[in-house]
Structures are given as structure tokens and as C-alpha cells.
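The values are calculated or read from the model by the stated rules, or taken from the named source; none is laboratory data. As the structure is a computational prediction, the values presented were derived from the model and not from experiment. Note that each Cβ is placed from the backbone with ideal geometry, even for glycine, and that neighbours are counted across all protein chains shown.
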Amino acid sequence: MKEEIIVSGRMNHMIDPVLHAWGWEIPVYLFLGGLAAGLLFFSGLYYLLGKENHYPAAVRKAPVLVPVILALGLFALFLDLHHKPYFWRLYTTIKFQSPMSWGAWTLMIVTPLSMIWAALHIKEWFPRWDWKFQWLKDLEIFLSDYKKTIAWAMALLGVILGIYTGILLSAFNARPLWNTSILGPLFLTSGLSAGSALIMLLSKDHHERITFARIDLIVIGIELFFIIHMFMGFLASTQVQIDAASIFLGGELTAPFWIFVVVLGMLVPAALEVMELRHFKVPVIIPVVLILFGSFMLRWLITNAGQLSRYLY
């Protein structure tokens, strides 16, 4: 009998020499969660401000898509699970120190709320919609009386959901690139930018498009500030954080990050939106697609770069 003794703890499949625990499913989930958060926040905010008729795409039209967006994101997350039959165990306890517990319960609450809001405004997409059964019509009337309460919940939970998509990564202390408090606000602003872009695409009102173009310009500026601040924090920290930042500052993912995320995903759309504000005719589909692409690439690259960063040498 041949006996072999392993004296190293670093012979772990998909972990050594580089972590490869998360594939495409997690960036897709984070992107769709951020997009849904942006749409929920703007819908709830402008309803509470009494601007429902001024911004119909933001308040009534775009949110109808949120349950579908959340369902696709949760499906991607489900595909990533290794023990799929036991996903329900997340809901058998509440752990305030666990970002995953916060995220699971936030999604548990926000998903049915988004469905209710979508049901109340489904005629924006299907004008001839009929609930068929009288009890559904009575339920619609009943829920309509609580739209303000639902709007408050959507706005607050939208912010929590958007921040959570970043905190989910930043809670991994063993990955230097993720271990920064900037990821939560950065992913939130990215989700708000993606949400405002989708609203611009769905809106048929010129004033509404211009308003959300201005909002998106502000959000892009904040997003760039967070990115710069994140790298400044890394470069002023320990060697492992400097090495982690170098993945985007001269390393293997430098070109994809600065080209796809910063230039194509932020600067070019911002320039096109400025042109639109100065009365140049720009097809709205172009900045919208670029913003959505940049928002997705931000999560894709940070998720993969974080798995490349480590404390071991």
C-alpha cells in the first residue's frame, strides 16, 4: 500500500494558487440587483415627492420590470449555489453581523413589494389588462390606499439593496481588493446610474429624459469620486492592498477596467448626455447601453480581480 501524507493546507481545488470560487453568476446577480435597487429608489422617491405624473416612466413604467429583473438575478444566484435544495436555510435565522443574512431578508421583503407595485401599474405596459376576478380587483383597490407606505419601503430598501451588493464583497477580509468600505457606496451609485439610464430609455417624455440625464451626470461624478478614493485608499495602505490595486493600475485587468468601465461606461455616456443637454440630437439608446455595459463590467472585473488578490505570497 502506497501512503501519501499532505503537509500543506494550500492544495484546495479552485482556491490555490488563485481563488476561482465565483463565476459569471455572481457579477450578473450583483448587476441585476443594483439595477433593481436604482429603479425602486427612483420610483419610490418621485412618488413620495408627488411627481408621479411628471415622471411616469420612473414611477409607473420602469418598476414593472423590477420583479423580472430580480427573478433573473436570483436565478443566477441560485445557479451558483452548491447545495441548492438548502437555500431556504438562510431564512431560518437572522444574523445581524452577516451581509448574506441582510441581503436574503432584504430580497425576501423587496421582491413581493416590487410585485405589488408592478401589479398596481401593469396597465402602463398593457392598457387593456383585466384582473378577471373580482377579488383581485378589490385587492388592487385595497393596496392602492397604501401606495405611500409601499413607496417609502421601496425607496429605503432600494438603498439597502444597492449598498448590500457591494458589502457582500467587502465583508471578505481575506481578499484585499474587496476589503474596502467604498464598495457599498460605489455599487449603490452604479446601480442608481443604471436605473436612471433605463428610465431614460423607457421614457417618452423629453423633460423626463433631460431630468434623468442630469441625475445620471451627478451620479457618474460621484461614482468616479468613489473609484479615485478607493485607489487612493489602497495605495496609502499596506503592501497587500497596494498589490491588489496594481491589478487595475498596470496589472492584467488595467485595460479592461479603464476602457470598459471608466471610459466607455462613464466618460463617453457623460459626454453624450452633456451634448443632449446642449440640444445636440443623440440617440438615447447609445448612452444607455454604454452605462448598463459599464455597470455590469464594474461588477464583473471587481469580482474577478478580488479573487486574484490575496495575502499569501
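Worth pointing out:
- Candidate set: segment 271-302, residues that are more than 18 Å from residue 222 (Cβ to Cβ) and among the β-branched types (Val, Ile, Thr); chosen: the one surrounded by the most Cβ atoms within 10 Å (Cβ to Cβ): 288
- Residue 103, sole failed condition from (1) over 22 Å from residue 297 (Cα atoms); (2) at pLDDT below 85; (3) not aromatic (Phe, Trp, Tyr): (1)
- Complete set of residues in segment 199-226 that are of a type in the set (Asp, Glu) and crowded, with 18+ Cβ neighbours inside 10 Å: 208, 216, 223
- Highlighted here are the helices (runs of 4 or more DSSP H) found entirely within segment 187-297 that include at least 1 residues which are more than 22 Å from residue 36 (Cα to Cα), touching a Phe, Trp or Tyr at 6+ places or on another chain (Cβ under 6 Å) and not charged (D, E, K, R): 239-245.
Conditions (1) over 20 Å from residue 163 (Cβ atoms); (2) of a type outside the set (A, V, I, L, M, F, W, C); (3) surrounded by fewer than 20 Cβ atoms within 10 Å (Cβ to Cβ), marked per residue:
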| site | (1), (2), (3) |
| --- | --- |
| 35 | no, no, no |
| 46 | yes, yes, no |
| 51 | yes, yes, yes |
| 54 | yes, yes, yes |
| 62 | yes, no, no |
| 101 | no, yes, yes |
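- Qualifying positions in segment 172-186 - part of a loop (DSSP other than H, G, I, E, B) and either polar (S, T, N, Q) or within 20 Å of residue 290 (Cα to Cα) (or both): 173, 179, 180, 181
- Residues within segment 248-263 that are at negative phi and either at pLDDT below 90 or small (Gly, Ala, Ser) (or both), tallied: 3
- Exclusive hit being surrounded by 12 or more Cβ atoms within 10 Å (Cβ to Cβ), within 21 Å of residue 56 (Cα to Cα) and without any contact (Cβ under 8 Å) to a residue 40 or more places away in the chain, set 124, 140: 140
- Members of segment 31-65 found to be β-branched (Val, Ile, Thr) and under 21 Å from residue 210 (Cβ atoms), listed by number: 59
- Test result for residue 116, free of Cβ contacts under 8 Å to residues at least 60 places away in the same chain, among the β-branched types (Val, Ile, Thr) and over 18 Å from residue 188 (Cα atoms): yes
- Check on residue 141, over 17 Å from residue 71 (Cα atoms), of a type in the set (A, V, I, L, M, F, W, C) and touching a Pro at 6+ places or on another chain (Cβ under 9 Å): no
- Yes/no for residue 161 being closer than 26 Å to residue 49 by Cβ, surrounded by 15 or more Cβ atoms within 10 Å (Cβ to Cβ) and under 23 Å from the mean Cα position of the chain (by Cα): yes
- Filtering segment 93-103 to residues that are in a helix (DSSP H, G or I) and more than 20 Å from residue 68 (Cβ to Cβ) leaves 99, 100, 101, 102.
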